[in-house]
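First the structure, in the form of structure tokens, and then the observations on it.
The values are calculated or read from the model by the stated rules, or taken from the named source; none is laboratory data. Fair warning: this is a prediction, and the values are worked out from it, not measured in the lab. No Cβ is skipped: glycine too gets one built from the backbone with ideal geometry, and neighbour counts run over all protein chains shown. Note: accessible area is taken over every heavy atom of the protein model, side chains too, but ligands, DNA and RNA are not part of it. Shrake-Rupley method; radii C 1.70, N 1.55, O 1.52, S 1.80 Å.
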Amino acid sequence: MLCRLLLALLVVVPFAGCSACTGGVPCSKNSDCAEGDVCAASSAGTFCVPEGAAEGEGEGEGEGEGEGEPNPSATLQLTAGAVEGDERLDVTLAWTLADVTNCALEADGIATTVDVTAATSAAYVVEQSESLQIVCDEASSESLAFVVHDVSELQGPTVALPGATVTYTFTVEGVSVCTVTTDGVGANLAQPVLVDGAGSFTDIADDDKSYTLTCAGSDGPIPRTIELVVLEVAEVTSPPAIITWGDDVALTVSVDVAATCVLVSTAEDGSDRRSEGSAAETIDGEQRAFALTAPTAVRAYAVECSIGDVTASSTPALVRIRPRILSFDAHIPGIEALVGAATLEFQIGVAGTEAGGSCVLNDGVADMGAGTVALLTTGPAVAVYTLRCSAPGGDPSPSTAGGWQVIWRDTTEADLGTLMSSRFAMGDNAIDNVTLAALDLGVLEQMGGALDIGPLTAASGPMTISAPNLRNVGGYFGVSNIGQVGSISVPNLATADFFQVDGVGGLSSLTAPSLTTAGGVAIDGCAAMVSIDFPELSSSGHIDITDCSSLEAVSAPALAASGRVGLLNLPSLVDAWFPSLRASTASLQLESIGIDTLSFPALESITTGVWLVSSPSIVTLSLPALTTTGVGGVYFSGNAKLDNIEAPMLKDTGAASNFTVTNNSLLSCQEVEQLYCPLQTRDTTPTVTNNKDPTCPGVTNGC
């Protein structure tokens, strides 16, 4: 700091006493007096008198020692170094006092702590422009004016939001010109305005920057600086505008400066602000992901970051919630129990409709919750059914399920393309009198009515018939009158009101691996058939296998109950396996079969009789659990090799004329007696002739 040395010297000589200098206001210095008065000394004391009065009196009277002349013995002298500088002055004051009393150093009329009577100099710090003066009872020194050029520190925000107007203020002393610069974008920076020692300038917070205020002082520029940080939360990834119920919300942001951040949400209208997820986190120039698990309401999500009392937010992202489809299925009710009607039942389960979304079946059934059932009894000839779940406010990509095509009318071979692309066919369906290389029923699952296939003509080679997804047929399922068939595949068929294959050539084996319930089963006139298997069939209205000349094996290991069981005209049969059959509500008819040993190990009851006729190879018929044949009784005839009938539990063959054993050339009377005599309810006039023994008196005469 440059100092310019100035010398200030003041000598004050009091006036001689005068008559005008008595009776006024006592004083010790001029400043004690009113404007226009001065402090004058007299023999009576020191008083305030009008300016010039003391001098006049001194000249006029001229009497007494010293009256009207200055007192040469009162002397004050004050000196200093520099009297002008920037920001502050460190000066050394020096003074000389003579013939004065009660002296003090005053700054702008206010006493300082400097004791001018204890020394002749002192260090003094001038922090602002002021005037110094030594004031004594007898006189005062001339004032020394000190000028300090100073600029206060800048006052204003150090953190602001993007685009905010920032204002900085300062004060100056002894300064008339200031300018401001920035190391950032300065397009909106306004130069300072000074009014009565107060200054200010403004800018737009468009990036992080520092400001430098420069004011002209006596020794050079006086700088003041301040830093501004723009707090901005930038989105890196935003959550989708629509989520499905149960999904999480994730939001990633970046912040260039150290800030405390938290995930918040509001209602759609901006109300109901609340913190979400975990506690606040500090982000310092990095990216950070915030997540919320499975929100349940429509909310706007943002990340708020704070520095002090300034808070910035990422752009709120409104997240709407579409319901989640938990389940959606359809079936023809009762069809599994063979009581189906032309009604289609939709079973619907959804979650999340409480968030304002809705689910609509395309026939107009809306707002479906978990467990909702929609029953349709009619519809367009061909319709497609889709469940759509949408978020509130419109949803360009709703959740969907279904898309099932349904045929509500009867169909023919002309509708084959539509049939194979439909999941449900509610009427009767006939495919006949056309030429096909193969028949594939595609996605077809359930049929409310019948499916009648044939007669058909194979286009080239044996025809393949496939219904890979067919599960239930409410009416008749039949394949008939097709000259050459390579295979019939129904892997998922579980129920049918009637299952029939007849007049089919070329087919060597037949199985329905999932068929559990049928109103009846009939296999007839399949000359090339070698094996038949119904591994899961547990109940059937009847089962008839007839006129299959090449059939060697038939099995229904799970069949527990049936109506009539008929094996007829099967000359090649060597194996028939019905190990679980316990009851026949009609008859057991065995005729012209090639097997030598036939057993029904679990069969306990028959309602209308057991028949074994014209089977030249059979040797043994085993019915170990049979207790009754019902009113149909027993009819064994024309079995050339039959010599063993095992029915130890049989007690009832009915009371009518229904016990006939004839023309079994190897069956002894003893075997017949073992069958007949233990009966408790029996035909009292049995017919037993032309067996190994021409007659059997032990039976005909009542055992």
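Identify, from the list S73, S31, S42, the residue that is modelled with pLDDT under 90, of a type in the set (G, A, S) and out of contact with any Gly (no Cβ under 8 Å at 6 or more places or on another chain).
Being modelled with pLDDT under 90, of a type in the set (G, A, S) and out of contact with any Gly (no Cβ under 8 Å at 6 or more places or on another chain) holds for just one of S73, S31, S42, which is S73.
Whenever a residue of the stretch 78-94 is of a type in the set (V, I, T), its partners that are open to solvent by 20 Å² or more (accessible area, probe 1.4 Å) and at pLDDT below 75, lying with C-beta atoms within less than 6 angstrom and at least six residues away or across chains, give the pairs T79/L7; V83/L6. Look at (1) without any contact (Cβ under 8 Å) to a residue 60 or more places away in the chain; (2) under 26 Å from T516 (Cα atoms); (3) open to solvent by 10 Å² or more (accessible area, probe 1.4 Å); (4) within 42 Å of the chain's Cα centre (by Cα) and you find that G448 fails only one, number (1).
Residues that are more than 47 Å from the chain's Cα centre (by Cα) and surrounded by 22 or more Cβ atoms within 10 Å (Cβ to Cβ) within the stretch 429-444 comprise just one, I431. Here A414, A391, A401 are screened, and the one residue that is surrounded by fewer than 12 Cβ atoms within 10 Å (Cβ to Cβ) and either at pLDDT 85 or above or of a type in the set (F, W, Y) (or both) is A414. Inside the stretch 561-576, residues that are surrounded by fewer than 17 Cβ atoms within 10 Å (Cβ to Cβ) and out of contact with any Gly (no Cβ under 6 Å at 6 or more places or on another chain) make up a count of 3.
A count restricted to the stretch 311-347 and to residues that are among the small types (G, A, S) and free of Cβ contacts under 8 Å to residues at least 12 places away in the same chain stands at 1. What do you reckon, is D395 charged (D, E, K, R) and under 30 Å from G246 (Cα atoms)? So D395 fits the description; yes.
For P694, the criteria (1) surrounded by 16 or more Cβ atoms within 10 Å (Cβ to Cβ); (2) out of contact with any strand residue (DSSP E or B) (no Cβ under 8 Å at 6 or more places or on another chain) hold in every case but one, which is (1). Reported count of residues in the stretch 621-643, each being closer than 19 Å to R682 by Cβ, open to solvent by 30 Å² or more (accessible area, probe 1.4 Å) and of a type in the set (A, V, I, L, M), is 1.
Whenever a residue of the stretch 428-441 is within 17 Å of S466 (Cβ to Cβ), its partners that are among the hydroxyl-bearing types (S, T, Y) and crowded, with 18+ Cβ neighbours inside 10 Å, lying with C-beta atoms within less than 9 angstrom and at least six residues away or across chains, give the pairs N429/T411; I431/T411. Criterion applied to E673, E646 was being in contact with a Gly (Cβ under 9 Å, 6 or more places away or on another chain), open to solvent by 30 Å² or more (accessible area, probe 1.4 Å), farther than 23 Å from L551 by Cβ and charged (D, E, K, R), and the one residue passing it is E673. Inside the stretch 460-482, residues that are open to solvent by 50 Å² or more (accessible area, probe 1.4 Å) and part of a loop (DSSP other than H, G, I, E, B) make up a count of 4. Condition check for M426 on (1) aliphatic (A, V, I, L, M); (2) modelled with pLDDT under 95; (3) crowded, with 21+ Cβ neighbours inside 10 Å; (4) touching a helix residue (DSSP H, G or I) at 6+ places or on another chain (Cβ under 6 Å): one failure, at (4). Can you find even one residue in the stretch 77-95 that is over 30 Å from E173 (Cβ atoms) and either modelled with pLDDT under 50 or open to solvent by 60 Å² or more (accessible area, probe 1.4 Å) (or both)? No: zero hits. Every listed requirement among (1) touching a Leu at 6+ places or on another chain (Cβ under 9 Å); (2) polar (S, T, N, Q); (3) over 25 Å from V310 (Cα atoms); (4) open to solvent by 40 Å² or more (accessible area, probe 1.4 Å) is met by S141 save one, (4). For the stretch 497-518, the count of residues that are open to solvent by less than 10 Å² (accessible area, probe 1.4 Å), within 25 Å of P616 (Cα to Cα) and either of a type in the set (A, V, I, L, M) or in contact with a helix residue (DSSP H, G or I) (Cβ under 7 Å, 6 or more places away or on another chain) (or both) is zero.
Yes/no matrix, rows are residues, columns are (1) touching a helix residue (DSSP H, G or I) at 6+ places or on another chain (Cβ under 9 Å); (2) at pLDDT 95 or above; (3) open to solvent by less than 30 Å² (accessible area, probe 1.4 Å):
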{"position": "L105", "(1), (2), (3)": "no, no, yes"}
{"position": "A118", "(1), (2), (3)": "no, no, no"}
{"position": "S129", "(1), (2), (3)": "no, no, no"}
{"position": "A145", "(1), (2), (3)": "no, no, no"}
{"position": "T182", "(1), (2), (3)": "no, yes, no"}
{"position": "A187", "(1), (2), (3)": "no, no, no"}
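The lone criterion from (1) modelled with pLDDT of 80 or more; (2) touching a helix residue (DSSP H, G or I) at 6+ places or on another chain (Cβ under 9 Å) left unmet by A330 is number (2).
With respect to the conditions (1) under 19 Å from D547 (Cβ atoms); (2) open to solvent by 40 Å² or more (accessible area, probe 1.4 Å), I488 lacks only one, and its number is (2). When the strands (runs of 3 or more DSSP E) confined to the stretch 580-620 are screened for residues that are among the aliphatic types (A, V, I, L, M), those reaching at least 3 such residues are found at 588-593, 610-613. Note on the stretch 148-204: residues that are assigned to a strand (DSSP E or B) and over 22 Å from V257 (Cβ atoms) amount to 21.
Here the stretch 107-116 is the region considered, the condition is being β-branched (V, I, T) and closer than 26 Å to C48 by Cα, and the residue that is surrounded by the most Cβ atoms within 10 Å (Cβ to Cβ) is V116.
Scanning the stretch 220-269 for residues that are over 20 Å from D207 (Cα atoms), of a type outside the set (S, T, Y) and not in a strand (DSSP E or B) turns up G220, P239, P240, A241, W245, G246, D247, D248, A267, E268, D269. At least 1 residues being in contact with a strand residue (DSSP E or B) (Cβ under 6 Å, 6 or more places away or on another chain) and loosely packed, with under 14 Cβ neighbours inside 10 Å is the threshold, and among the strands (runs of 3 or more DSSP E) wholly inside the stretch 282-346 those reaching it are 324-331. Only one of (1) under 56 Å from the mean Cα position of the chain (by Cα); (2) at pLDDT below 95 fails for I465. Which number is that? Result: I465 passes all but (2). Counting only strands (runs of 3 or more DSSP E) that fall entirely inside the stretch 485-577 and contain at least 1 residues that are aromatic (F, W, Y) and touching a strand residue (DSSP E or B) at 6+ places or on another chain (Cβ under 7 Å), the qualifying elements are 495-504, 575-577.
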